[in-house]
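Engineer: Pasting a structure below so you can have a look.
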Amino acid sequence: MGNLQTVDPTSRRRTSLITQIIILSIVCIALFLVIRYLGSLNVVNKASDVIYRVYASEGSAHVKYTMKNGRDSELLAVETPWENRVVFNDWIDIYLIAGNDIEAGSVSCEILVNGRVVNKEEAIYPDNDKVGCKVILP
């Protein structure tokens, strides 16, 4: 009779096992790439664009606020309306304090984060002549 080759069952199992390992590896690599791609689409922008604002009915106030480095500013005498922009890249508690030194009328503060008013407070003399706003970022 002709050339009949017999295939060793051990060789057949080995070939099947190698094929399964290759297919499993390809599936794992594809899954990893899909997860990595989807994860890169969901990158969270940690930067927070903060605007501090102070208004005083009498035109001037003293302010103190959280600076970019996380420290307190000096107490500043300002003309109102007053505004200051700071960009924060980390999680942080920020505040803005305003005082009405003329002891008449009203003083208010507000903190905007990424264009949205997050906190706004007002004090009216003689009940109060100081006001404070606080926000937890991001």
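We did not get these values from a lab; they are worked out from the coordinates using the rules stated. In this text, all values refer to a predicted model and were calculated from it rather than measured experimentally. Here the Cβ is made from the backbone with ideal geometry for all residues, glycine too, and neighbour counts use every protein chain on show.
Engineer: Counting other C-beta atoms within 10 Å, which of Glu74, Glu110, Glu103 has the fewest, and how do the rest follow?
Structural biologist: On the way: Glu74 7, Glu110 20, Glu103 10.
If I rank by nearby Cβ atoms, fewest first, I get Glu74, Glu103, Glu110.
Engineer: Among Asn128, Ser108, Asn69, which residue has its Cα furthest toward the positive end of the charge dipole of the range 66-128, with +1 on Lys/Arg Cβ and -1 on Asp/Glu Cβ?
Structural biologist: Asn69
Engineer: Between Asn84 and Asp127, what length in nm is gained on full extension when 0.36 nm per residue of separation is reduced by their alpha carbon distance?
Structural biologist: On the way: separation 43, 0.36 × 43 = 15.48 nm, distance 2.70 nm.
Extra length available between Asn84 and Asp127 comes to 12.8 nm.
Engineer: With θ set to phi - 60° and the Karplus curve 6.51 cos²θ - 1.76 cosθ + 1.60, what are the ³J(HN,Hα) couplings of the range 86-99 in order, to the nearest whole Hz, using x for Gly and Pro?
Structural biologist: In residue order, the calculated couplings are 9, 9, 10, 10, 10, 5, 6, 8, 10, 8, 9, 10, 10, x Hz.
Engineer: Check which residues have an amide H placed less than 5 Å from Ser60's amide H, if you skip close sequence neighbours.
Structural biologist: Thr80
Engineer: Could you list Phe32, Phe88 so that the one with the fewest beta carbons within 10 Å of its beta carbon is first and the one with the most is last?
Structural biologist: On the way: Phe32 10, Phe88 21.
Neighbour counts put them in this order, fewest first: Phe32, Phe88.
Engineer: For the residues Ile102, Ile94, what sequence is obtained by ranking on other C-beta atoms within 10 Å, fewest first?
Structural biologist: Ile102, Ile94
Engineer: Check Gly105: other-chain or 5+ apart residues with amide H under 5 Å from its amide H, H built from backbone geometry?
Structural biologist: The answer is Tyr125.
Engineer: Can you list residues from other chains, or at least 5 along the same chain, whose modelled amide H is less than 5 Å from the amide H of Leu137?
Structural biologist: Result for Leu137 returns Ile92, Asp93, Ile94.
Engineer: What does the charge add up to near Ala123, with Lys and Arg as +1, Asp and Glu as -1, over the other residues with Cβ less than 10 Å from its Cβ?
Structural biologist: Numbers: positive: Lys130; negative: Glu121, Glu122, Asp127, Asp129.
Computed value for this residue: -3.
Engineer: Using the Cα centre of the chain as the reference point, and only Cβ charges (+1 on K/R, -1 on D/E), how large is the resulting charge dipole? Debye, rounded to the nearest 20. Could you put the intermediate results ahead of the total?
Structural biologist: On the way: 14 positive and 16 negative charges, 329 e Å.
For this selection, approximately 1580 debye.
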